[in-house]
Amino acid sequence: MCGLVSSAARSLPSAGSQRLVGRFPSGPGPNSRPAAMQTAVVRCVPTETKLTISLRLGPGNGSQRHLQREQSESLRTALGRIAHNLLKAQAKPGKGQKAAQAPAQASAPPVVLYLGEEPVPGDTSNAEAWQDGAVLQVGEARYRVERNPPTLTQLRLPSSLLAGFPVCPKVELEFGEASHSLFEWLREADGGWEAAASSRVFTPSNSYIGLKLKLRCHPGDGRRFGAAVELESGGTVEAGPGACTFDSRQWFTRQGLEEPQLRVVSYNILADVYAQTEFSRSNLYPYCPPYALEIDYRQNLIKKELSGYNADIICLQEVDKNVFTNSLSPALDAFGFQGVFRIKEKQHEGLATFFRASKYRLLSQHDVTFSEALASDPLHFEVLEKISANPTVKEKVLQRSTAFQVCVLQSLKDSSKKLCVGNTHLYWHPKGGHIRLVQIAIAFRHLQRVTTEVYPGIPVIFCGDFNSTPNSGLYEFVTKGHISADHPDWTSNGEEEQCSMSLTHSFKLKSACGEPAYTNYVGGFQGCLDYIFIDINMFEVFQVIPFPSHEEIICHLALPSVSHPSDHIALICDLKCK
């Protein structure tokens, strides 16, 4: 079980570490019990060999003890150990006492476990004996046994809190679900705290600027609640950036869609591993204030942006592993999404695909790394043979860690309806058109296998940052289904890296969002690199969500900025199944 975490990895100047105030008894409700009855919490997991019995033993309020016992051990042995621990606690000198003044050792108290009115036989195994609702008698003290109650294993608040932006705590539980738990938000007021909201996600208003927040969580499983935990924010709520580039877009996405319609988002969110380099701050994004490149600041904007699109499928690129685990996944889970992550080998960022849990379930995954698939899968032997004629090209392709994330989703409303969602981020170099053509060739062969051999006839949505403009050979190949061996992109890095080949694929795809003037806007480059390709035989475009105006994009010269968290712009479209 992981411990409760109360600090974030990175913080803004005004945000420090968070303070875990502590556990406290639940109030009246599912767990209410007579005041004289204490609690013995038993953690017993079938896949483990030991169980843990946690209770307070000793004079007065006693001290907390955590006894680990073999699940197969007899109850008689475990009860004897509890009696031994109580004797030790009674013999220990109290505060201010000298050892010689300690009470003389007493005889062992009676220790009995009752289930109903009858004592549990001593030869019963621990795993079977310690049942929820049993009563443990230790001398005069009585304990109600709670077996595997909902328990918080991690509760964390983001270190950056902005007015007008959702605060999404990271919540991890054992024997419970966040959806069955209770959340209470409090704000500083006159030296104390006052109630602010009762919801998993809280958006502080401008009146909260300068104040700390406190979150109280009661973990639940739909039947009962476990011990609650309070967590105080390390920093105060700060002023937000005001209007953001995505605000006007969310007017078009304020309502979610019902089947047979679905909303798809594709977005390169700019990995922190790239945004936080000295080269990025000085050369790539010198126009962006350093604080606006901080991951905690940008994550506030990203979470508000993504949650406001009310999408059904979200494909993200350049997702830091820690960002997925500690920020995006918990936040989007709170908004009703489940997600999967595919890291690039040898790197700290990768691909993430999220889907609305009320509409879909993940049926299967078919992720690959292009270089590994090319080197080891006979499906790609023809492509490997072609590029092997040029060792330089072969080496470049095999050195790339570019990944391809493929998820097959199944409709919860109609189990016969399935959807194949591809997500990728191709090689970035401006002169790497030939490398990208090899990568996309591998992608289509892989998709062909999934959609013919594994799930015949399944429709395809292919999202990503393809690092290719609409006049590129890659775009031509994707949308027309073929590319000739004499296309100029085969010599994109000169004749010495030529690896010409004729390629075809059988998919009928088009760019759902058309060919916008740009999806990437930085100081030295503006162009369309990102696409949502859809199967035109299965989908029609119902609506393309308009881009921010050019004036909004250049308001702070370029992207990213204080009002936009990435150097890319999210693509959003509403599709209708034919």
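Each reported figure results from applying straightforward, stated rules to the coordinates on display, with no laboratory input. This is a predicted model, so every value here is computed, not measured. FYI the Cβ positions are ideal-geometry reconstructions off the backbone, even for glycines, and counts take in every protein chain you see.
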- [ ] For region 149-190 and region 380-402, compute the distance between their C-alpha centroids and round to whole Å.
- [x] 48
- [ ] For the chain, find the longest principal axis of its Cα atoms and tell me its angle to the long axis of helix 75-91, 0 to 90°, nearest 10.
- [x] 70
TODO: Among 395, 172, 278, rank each residue by its count of other Cβ atoms within 10 Å, from fewest to most, as a rough exposure measure.
DONE: 278, 395, 172
Task: Hz values of 3J(HN,Hα) by residue in region 408-418 - Karplus curve (6.51, -1.76, 1.60), Gly and Pro given as x - done: 9, 9, 10, 5, 6, 7, 9, 5, 6, 8, 10
- [ ] Just order 139-147, 190-198 by mean Cβ neighbour count inside 10 Å, highest at the front, would you?
- [x] 139-147, 190-198
TODO: Starting from the Cα-Cα distance between residue 431 and residue 36, subtract it from 0.36 nm times their residue separation and give me the gain in nm to one decimal.
DONE: 134.6 nm
- [ ] Report, in whole Å, the centroid distance computed from the Cα atoms of region 403-452 and region 256-334.
- [x] 21
Open item on the list: Give me the percent relative contact order of the chain, please, defined on Cα pairs under 8 angstrom at least 6 residues apart.
Closed with: 12
Open item on the list: Give the aspartates and glutamates reachable from residue 508 as a straight Cα distance under 20 Å; neighbours fewer than 8 places away on the same chain don't count.
Closed with: 453, 465, 476, 530, 535, 540, 574
Open item on the list: Please enumerate, by chain and number, the aspartates and glutamates with C-alpha under 17 Å from the C-alpha of residue 394, excluding those fewer than 8 residues away in the same chain.
Closed with: 372, 377, 382, 385, 489, 495, 496, 497
Task: Ascending count of other beta-carbon atoms within 10 Å, so fewest first, for 556, 550 - done: 550, 556
TODO: May I ask for the percentage of alpha-carbon pairs in region 341-414 that lie more than 21 Å from each other?
DONE: 43
Task: Cα-Cα over 31 Å, subset of 303/413; 417/510; 170/417; 321/396; 344/510; 214/303 - done: 170/417
